[in-house]
Each structure stands twice: as structure tokens, then as C-alpha cells.
Number of protein chains: 2
Amino acid sequence: MKAPSRFLHPQRTIDDLKELRELTGDDDGAQRVAFTPTWAKARKWLIEKTAELPVESHTDAAGNLWFTLPGASEKCLLIGGHIDSVPNGGWLDGCLNLMAGVEIMRRIHTEYEGKPPVTIRLVDWADEEGARFGKSLFGSSAFSGHLNLEEARLLKDRDGIPLPTALAEFGIDLETVKQAGNEAKNAAAYLELHIEQGPVLLDLGLPLGAVLGTCGVERHAIHFHGQAAHSGSTPMNRRRDAFLAAAKMATEIYHITERYGGVCTIGSCVTEPGIVTSVVEDCTISLDQRHLDASSLAAMLMKAKSASERFAQEGNVSVSWERIWEIEPVIFNRTLVEFCDAAILETCGVSHSLPSGPLHDAAEVSRAGIPTVMMFVQSLHGISHNKIEDTLEEHLGLCVEAFDRLAEKTMEWIVKRERGSAGC
Amino acid sequence: MKAPSRFLHPQRTIDDLKELRELTGDDDGAQRVAFTPTWAKARKWLIEKTAELPVESHTDAAGNLWFTLPGASEKCLLIGGHIDSVPNGGWLDGCLNLMAGVEIMRRIHTEYEGKPPVTIRLVDWADEEGARFGKSLFGSSAFSGHLNLEEARLLKDRDGIPLPTALAEFGIDLETVKQAGNEAKNAAAYLELHIEQGPVLLDLGLPLGAVLGTCGVERHAIHFHGQAAHSGSTPMNRRRDAFLAAAKMATEIYHITERYGGVCTIGSCVTEPGIVTSVVEDCTISLDQRHLDASSLAAMLMKAKSASERFAQEGNVSVSWERIWEIEPVIFNRTLVEFCDAAILETCGVSHSLPSGPLHDAAEVSRAGIPTVMMFVQSLHGISHNKIEDTLEEHLGLCVEAFDRLAEKTMEWIVKRERGSAGC
């Protein structure tokens, strides 16, 4: 394990995060929902925090907030995060990334005496959580060009306010948000640090992990249709019990993940008529399947479909599937994953590589063709999107150190590649 | 097979039923919900139908409507049914019983030239279905004394009208309904004909069956409590999935009935938070268990409880049970079941004995200590509480014949018993 740069002060990141928590949180947790006054307040604070650095800052067409520390090369190292939170959110989700990024800019500015080898850019993506309009990765998907404008035009919050109206209040025209893609110019790599939103590192007793990519998702509603019948007068062998068929899927999805890895979740079950005196006529369950490997994800879906058909046949009911949403897996850049792993090893002496089940802005940046990697830090309760979200202060320190090392390795790589291509 | 009495005209019963259907039904089925104007209209029609007979009629303290054809003995043969229906109900459920009873009174009056050996009483029980206030067997449970007044005082319909208010509109004081028990005086036997509300006779290809009794019922809400967790970031082996544990009960209840007989139904499943991106934290299912044998019913309940505890343990969730309702099995009078079986054999050449899963007024009469039996006629689609409820016209004719034979055998039995006790 190597000593960190003497110009890096992880405690400053921790202090910044605590300051932000005081400013924008309450007893129920973080309240920085995107496109709200508290979110705007947090961004103003972020700009003030970078005032000591010679950075240029502006918001792009999608409302993403960029800070640029110019370097010897125009080639850019991007570091990203999001200051927005879910309502009653955790104090680290999204802003740990940003404040670690600010500290790394400080370190680089000092260490290179104002002349970093490459340009460093920090980006605060707009509305990663999608908490208000139900559409996550807003800013980064505008940047990548994957944002579905037709869908976005129709989104409304709980009070019926349309997304375009809310955006206009922040000077954003929904119709032009994809111009944010211009910010990708000269981008050579993208790094994102994030608190793990699950218990993998916690279970392994490890502070940090290198993220291999974000899982692909297949999300469906599965509808079983049987026949309502009186609970007292209908013999068991005469029933067409939609709940029986649907319920068999619960065990099946665990068998599927035993075979293929990944995760499957039945999060909702609705029964009709849903009364104590009738066999269930209609039963609808939701199924969320995730895997880092596209072919494994496809196989998991196929297995679940054929199982549902088998259970339907056994119970003399019918089954139909409706796709709610899907996204392909995003595999992060292999070299950057190696750098991330090495940076963690140098910091903690032990590393681990893992996929991310939840999506992150990094997935959209990777889809935009920019070499990307993420680093995870352990979540103390294996939980996020909750006021009890937390990470040991010791681990916070380690993650800033390791993330800084990853930034340094990546800068060197960008320089080397530039020289390599210049030499061709 | 013997020829029926030449004074019996089953076609009159069928014609009466069709007339009632015209008068009180619409395109969606029967609409004779108790304590509504249509129900009152049906009762008025019923009184008119009996006008040709020298019967006395009155309603008792619970709103049950009694018709008395006096006989040589004060000992009474009771025949019962209910003219009330569920909304959009079938044309036979409840009123087939009554109109067969009217025809039997006509036959006895003619055949015995106005001097029946025993007194014959026909009763139209008030609110068998409980469609408006959610409490079935209102009139007959007031008669038996089993009505829970504390519960009944609190019942309201969908418009918030309390049961006591609705009763008052029909001249009934809830506080005095149990005085209906006075009608039990001199009651020697109770007979009830009913359309089967399931497919047992249909599957066996038989028109009629003798009913052994009504099943006991154990009705519970079973609540599994786990832990909400992100569908993407929570490894399968870390989940505390309340739906997984609850779903295992679906198959289990079929295993239980394979072993013990009876029926078990999970009619409702509710998941919380019930969203596609979270493992289910809370899952509540309803379980309705029925058996004619009390010890088998108790064993079924015990098996279900221990299975739920096993599934909870396997899934690291907790489970709790809440009893919604229970009633013990009611076994009908053995001699009357034999008479019923013999009457069916004489009518069709083939009979079958079966329990009733659904409850009927007969269960309450039996609980009041009056020797009781029911006869079932085949349901064409194995279905009731639905406008498609139907019975072959040929079977309707047979059931009136067989039920009349049962009445005759029972009258003879009452006379014989009276003589027997007089001779002591």
C-alpha cells in the first residue's frame, strides 16, 4: 500500500459532505430533489465550493452543471456525480462523487502548480434520481442522446406539473436538451465514485470495489387468467387458480438466478376479485430481471417465460407477458476497470470487482462512447435511498484516496494515448 | 322409481320461478337484494302466490316471513328458502327452495283435502346472502340465537347506512330480532332444497344429491413480514422476501387438501411496498379452509400454520395469523339424510351424498336443535351468484318431485315420533 499524495485531504470531502447535509437535509434525510429550490440551493453551494479553484463553470442545454479546470492537453478527464437526491434520501448518494471530485481537482491544481497534464472536468448531472417525474438519468441520457423525448414531453409530477414546465423554470428547453451532447468533445475518460446501493461489499467486509458495468434490465408484468369460483363449493381439482400459477413463479426466479447469476424480483402481486370467498381469477405479478451479461439476461427471461407457461398449463389458466421496460447491460472500459482495481489495491491491500444492479449516470456516459469506470464504497447497512444510508468515516477517507489514485492513473493513460496517437 | 303424487305439478314451480325472474330480474340477473324495494316487491308477490291456500302469514321479529298451513298435529314440518339474492344473482338460488315449498303445500293441501297430518310451515329467511351489509344468514341466525348483535350494530352498507336504520325501514328492531327464536316452537323437522353452488353433481352427471351437512370454516389473514430492498442491488441470498414465503402457501394448501379432503382457498394477496423495483416487505394472504369434519378442519389449520412457519424460517421473514371468522361444521340429521337419499333414489334411480361447502340457512336451523336436511339439485355450469346460474328444466322437475317425497317421508316420521312419545 502506497501513501496518498500529500496534497490530498480526504477530510475536506467529509467536511464538505457534512456541510451539505446541514444545508439541504432535515430529520428525514436529504431533500435535494431535482428541479426544486433545495436542489438549486445545493448547486449554488457547490459553485461556491469551487470558487477557490480557477475553474470555468456553466450549465449545458440539459441543465448539467460543468466545472472545467484547464490542463496542458485539451483532452479531458471527466469526473461525475449528482447533487440531486430522492426525498428523504441518504447523505452520500450522488454527492460523495462530486465532493471527492472537487477534492481531486484541488489536489491536482496544487500538485501540478496550476498546470495539470490534461483538462479536468467535473459534472453534476441533472436529475439522476428521477424522483419528481419518475424518469431517472435525465441529464446524462440527454448527454448520451438516449433520452426518449416523446416520453419526456408527457411526464408530470404528482401535482400535475409537466416536466417541460418545471424545466423552463430552470431555463431549460426540453426540445434542445440533447445539445448537451456537445460537452462530450475531447472527453477521454469518465470516472464515477458511488456508495454501493446494496450489501455486497458489506458482506465481504471490504471497503471498496471496482465496478464492472451496470446490469441490463428486463422488466415485465405477467398476467395469469383463471376462473373465479366459490371457495366453499369448488373442488380443488376443478379450480383454475390464477394465484397458484403466479405463486409458483416466486420459487422459480430463485432457481433461475442459481443457474444464471444476476437477480430477479417479484415486487408486486395483485389478485382479482381478491376476496376471501373466491378462487383468484386474475393475478398480475411484476418481474424485474437484471444481469451484466446480455445473453444470460436473455436466457433468464426465456426460462421465466417457459416456466410461466408450464405453471399456467398445470393450473389450466392462461398467461400473458407485457414488457414494462428494458435496457441492455453496459460493460465498463476494461483498462479503466484494471486501473480502478489497482488503485483500490494500493489503497486497501484488497479489492473486489462487482457489477452494479442499479443504474448510474456512468452507464449513459459509457453508452456515449466514452471510456468509463465506477468505484463503489461500502454501504454500512447495505441500504440507500434512505436517511439511514451511511458509510464508515474510515471508508470515506479510503474511497477519496483510491478514487484520486484512479484519477491519476487515468490522466497518465490519457496523456500516453494522446502521445501514441500523435506519434502515428 | 315410483310415480309422483298425482297432485304434484312441478311445472307450476318452474312457471312461478320464471314469473319471479321477469318481475325482479334484469339483463344482469336477479336483483332481490335484502332490505331493498325489489326484495319487498318479491315478498309481496310471494304472499300473493300463497293466497289460494288457507295459510296464515306474518313476519317475525327478525323479518323472516312465515306461512303456516295448519294440520292435525301442532308439530310442524318447516320448509325454508330465501327470496333475497346477491346483486346480479342467479334466478334459482334461494327462491327455488321457496317455490318448491309452495308447490308442496299445494299438493299436501289437495291430497289431504285441507287436513294435513302435521302443520306445514314455509319460511322465507331474511337476508341469507348478506349482500348489502356483508353479513350472511341474518334472519336464520337471529332465529337460532347465534347472531352476534355487537357486530351487527356496527354494520353499514356502501353508502354508510347502518344496518339498524335499514332494518327500521322494514319495521325491524335489531335489539329484539332474537325473539324470532319463538318461531321454533313445535318445529319437528326442517327441509331445504337448493341449487348446488359448485360442480360436484355436474361432474358426476347426477341430477340430485343428499347433503350431509355444511362444512366448518376457518378463515384467516396470514401476514408475512420481511425487508424491502432494492431489486437491482440486493443479492438473492440476502433477501428477506415476504412474497416468496407467502407464495409457497399456494402449493401447500393443495397438498393439505390432498391429505385431508375439504377445500382451501387463497383468495387475496396484497404486497407492500408493491413496486417493481423493491423486494416485497409485507405480504398478506387470505386463507379460507372448509371441512365437514371438525377434527380434519383443525388438522388442516394446524398443517397450514406449521407450513407458514417453515416457509417464514426458510426465507428469514416472520409470520403472524389473524382469525377473520370461523364456524364449526354442522352435521345434518342422519334419519333425514337417509330419507333424502331414499327420496332421490325413488325419483332418479341414483343418488349421491355430499357436504355443502357454502353455508345455508339450514345450518343455523340445525344449530337451533331442529332435525334438518338439505337436498341439492345440479347446477348447469357448476356456478351460482351469477346471471348464468341455471339448471336443466328436467332436473328442476325432478328436484320438486324428490323434495316432495322427502316432505312426505318426513311428515310420516313426525307423526310416528309423536305417537311414539305419546305412547310413552
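Looking across the stretch B:133-151, the residues that are surrounded by fewer than 24 Cβ atoms within 10 Å (Cβ to Cβ) and touching a residue at least 24 places away in the same chain (Cβ under 8 Å) come down to B:133, B:135, B:136, B:144, B:145, B:146, B:147, B:149.
Quick grid of which residues meet (1) under 15 Å from the mean Cα position of the chain (by Cα); (2) in a helix (DSSP H, G or I); (3) closer than 24 Å to residue B:129 by Cβ:
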{"residue": "B:358", "(1), (2), (3)": "yes, no, yes"}
{"residue": "B:363", "(1), (2), (3)": "yes, yes, yes"}
{"residue": "B:369", "(1), (2), (3)": "no, no, no"}
{"residue": "B:391", "(1), (2), (3)": "no, no, yes"}
{"residue": "B:400", "(1), (2), (3)": "no, yes, yes"}
{"residue": "B:405", "(1), (2), (3)": "no, yes, no"}
{"residue": "B:409", "(1), (2), (3)": "no, yes, no"}
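Based on what the data block shows, is residue B:90 assigned by TED's automatic domain parsing to the domain that holds residue B:144 and either more than 21 Å from the chain's Cα centre (by Cα) or buried (at least 24 other Cβ atoms within 10 Å of the Cβ) (or both)? For residue B:90, the condition - assigned by TED's automatic domain parsing to the domain that holds residue B:144 and either more than 21 Å from the chain's Cα centre (by Cα) or buried (at least 24 other Cβ atoms within 10 Å of the Cβ) (or both) - is met. For the stretch A:301-321, residues that are within 12 Å of chain B (Cβ to nearest Cβ) and either touching a strand residue (DSSP E or B) at 6+ places or on another chain (Cβ under 7 Å) or not in a helix (DSSP H, G or I) (or both) total 1.
Among the residues of the stretch A:273-284, which ones are more than 9 Å from chain B (Cβ to nearest Cβ) and assigned to a loop (DSSP other than H, G, I, E, B)? Reasoning before the result, please.
Taking the stretch A:273-284 first, the residues more than 9 Å from chain B (Cβ to nearest Cβ) are A:281-282, A:284.
Correct list: A:281 only.
Within the stretch A:334-351, can one find any residue that is within 14 Å of chain B (Cβ to nearest Cβ) and either assigned to a strand (DSSP E or B) or charged (D, E, K, R) (or both)? Checked the stretch A:334-351: no residue is within 14 Å of chain B (Cβ to nearest Cβ) and either assigned to a strand (DSSP E or B) or charged (D, E, K, R) (or both). Contact map, the stretch B:303-315: first residue over 20 Å from residue B:260 (Cα atoms), second residue part of a helix (DSSP H, G or I), Cβ cut-off under 6 Å, separation 6 or more or different chains; pairs are B:311/B:245; B:311/B:248; B:312/B:245; B:315/B:244; B:315/B:245. Within the group B:421, B:379, which residue is of a type in the set (Gly, Ala, Ser), under 18 Å from the mean Cα position of the chain (by Cα) and within 30 Å of residue B:142 (Cβ to Cβ)? Unique residue meeting the criteria: B:379. The selection criterion, being more than 14 Å from every other protein chain (Cβ to nearest Cβ), of a type in the set (A, V, I, L, M), touching a residue at least 60 places away in the same chain (Cβ under 8 Å) and in contact with a helix residue (DSSP H, G or I) (Cβ under 9 Å, 6 or more places away or on another chain), does not hold for residue B:363.
Please tell me if residue B:83 is among the aliphatic types (A, V, I, L, M), under 17 Å from the mean Cα position of the chain (by Cα) and farther than 20 Å from residue B:369 by Cα.
Details: among the aliphatic types (A, V, I, L, M): yes; under 17 Å from the mean Cα position of the chain (by Cα): yes; farther than 20 Å from residue B:369 by Cα: yes.
Considered against the rule, which asks whether it is among the aliphatic types (A, V, I, L, M), under 17 Å from the mean Cα position of the chain (by Cα) and farther than 20 Å from residue B:369 by Cα, residue B:83 comes out as yes.
The C-beta contact set for the stretch A:10-35 (first residue in the same structural domain as residue A:97 (by TED's automatic domain parsing) and over 13 Å from residue A:46 (Cα atoms), second residue of a type in the set (Phe, Trp, Tyr) and assigned to a helix (DSSP H, G or I), distance under 8 angstrom, 6+ apart or interchain) comprises A:33/A:39; A:34/A:138. Residues in the stretch A:134-184 that are in contact with a strand residue (DSSP E or B) (Cβ under 8 Å, 6 or more places away or on another chain) and closer than 18 Å to residue A:358 by Cβ: A:140 alone. The residues listed here are B:278, B:318; of these, the one that is closer than 30 Å to residue A:201 by Cβ, of a type in the set (Ser, Thr, Tyr), surrounded by fewer than 19 Cβ atoms within 10 Å (Cβ to Cβ) and not assigned by TED's automatic domain parsing to the domain that holds residue B:355 is B:318. If you filter the stretch B:205-226 down to residues that are away from every other protein chain (no Cβ under 11 Å) and hydrophobic (A, V, I, L, M, F, W, C), you find that the one that is farthest from residue B:421 (Cα to Cα) is B:224. Among the candidates A:391, A:284, the residue that is under 30 Å from residue A:247 (Cβ atoms) and of a type outside the set (A, V, I, L, M) is uniquely A:284. Checked against the criterion of being modelled with pLDDT under 95 and either hydroxyl-bearing (Ser, Thr, Tyr) or over 17 Å from residue A:62 (Cα atoms) (or both), the stretch A:135-142 has at least one qualifying residue.
For residues that are assigned to a helix (DSSP H, G or I) and touching a strand residue (DSSP E or B) at 6+ places or on another chain (Cβ under 7 Å), tally how many sit in the stretch B:76-129.
Let us first name the residues in the stretch B:76-129 that are assigned to a helix (DSSP H, G or I), namely B:95-111.
With the extra rule that they be touching a strand residue (DSSP E or B) at 6+ places or on another chain (Cβ under 7 Å), the set shrinks to B:95-98, B:100-102, B:104-105, B:108-109.
Number satisfying all stated conditions: 11.
Looking across the stretch A:201-212, the residues that are buried (at least 21 other Cβ atoms within 10 Å of the Cβ) and either in a helix (DSSP H, G or I) or touching a His at 6+ places or on another chain (Cβ under 7 Å) (or both) come down to A:201, A:207, A:209.
Taking the stretch A:40-55, which residues are touching a helix residue (DSSP H, G or I) at 6+ places or on another chain (Cβ under 8 Å) and either of a type in the set (A, V, I, L, M, F, W, C) or not in a helix (DSSP H, G or I) (or both)?
If we filter the stretch A:40-55 for residues that are touching a helix residue (DSSP H, G or I) at 6+ places or on another chain (Cβ under 8 Å), which is where we start, we get A:41-42, A:45-46, A:49-50, A:52-55.
Residues satisfying the conditions are A:42, A:45, A:46, A:50, A:52, A:53, A:54, A:55.
If we keep just the residues of the stretch B:213-226 that are assigned to a strand (DSSP E or B) and within 13 Å of the chain's Cα centre (by Cα), which is farthest from residue B:402 (Cα to Cα)?
B:217
Residue count for the stretch A:70-96 satisfying the condition of being more than 18 Å from residue A:15 (Cβ to Cβ) and of a type in the set (A, V, I, L, M, F, W, C): 6. Number of residues in the stretch B:244-272 that are more than 8 Å from chain A (Cβ to nearest Cβ), more than 30 Å from the chain's Cα centre (by Cα) and outside any helix (DSSP H, G or I): the value is 1. Taking the criterion of being within 26 Å of the chain's Cα centre (by Cα) and within 11 Å of chain A (Cβ to nearest Cβ), would at least one residue in the stretch B:227-242 satisfy it? Scanning the stretch B:227-242 turns up no residue that is within 26 Å of the chain's Cα centre (by Cα) and within 11 Å of chain A (Cβ to nearest Cβ).
Residue-by-condition table, conditions (1) buried (at least 21 other Cβ atoms within 10 Å of the Cβ); (2) touching a residue at least 40 places away in the same chain (Cβ under 8 Å); (3) not aromatic (Phe, Trp, Tyr):
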| position | (1), (2), (3) |
| --- | --- |
| A:174 | yes, no, yes |
| A:182 | no, yes, yes |
| A:195 | yes, yes, yes |
| A:199 | no, yes, yes |
| A:227 | no, yes, yes |
| A:241 | yes, yes, yes |
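The values are calculated or read from the model by the stated rules, or taken from the named source; none is laboratory data. Note that the coordinates shown come from a computational prediction; the quantities given were computed from them, not determined experimentally. For neighbour counting, all protein chains shown are included, and Cβ atoms are generated from backbone atoms with ideal geometry for every residue, glycine included.
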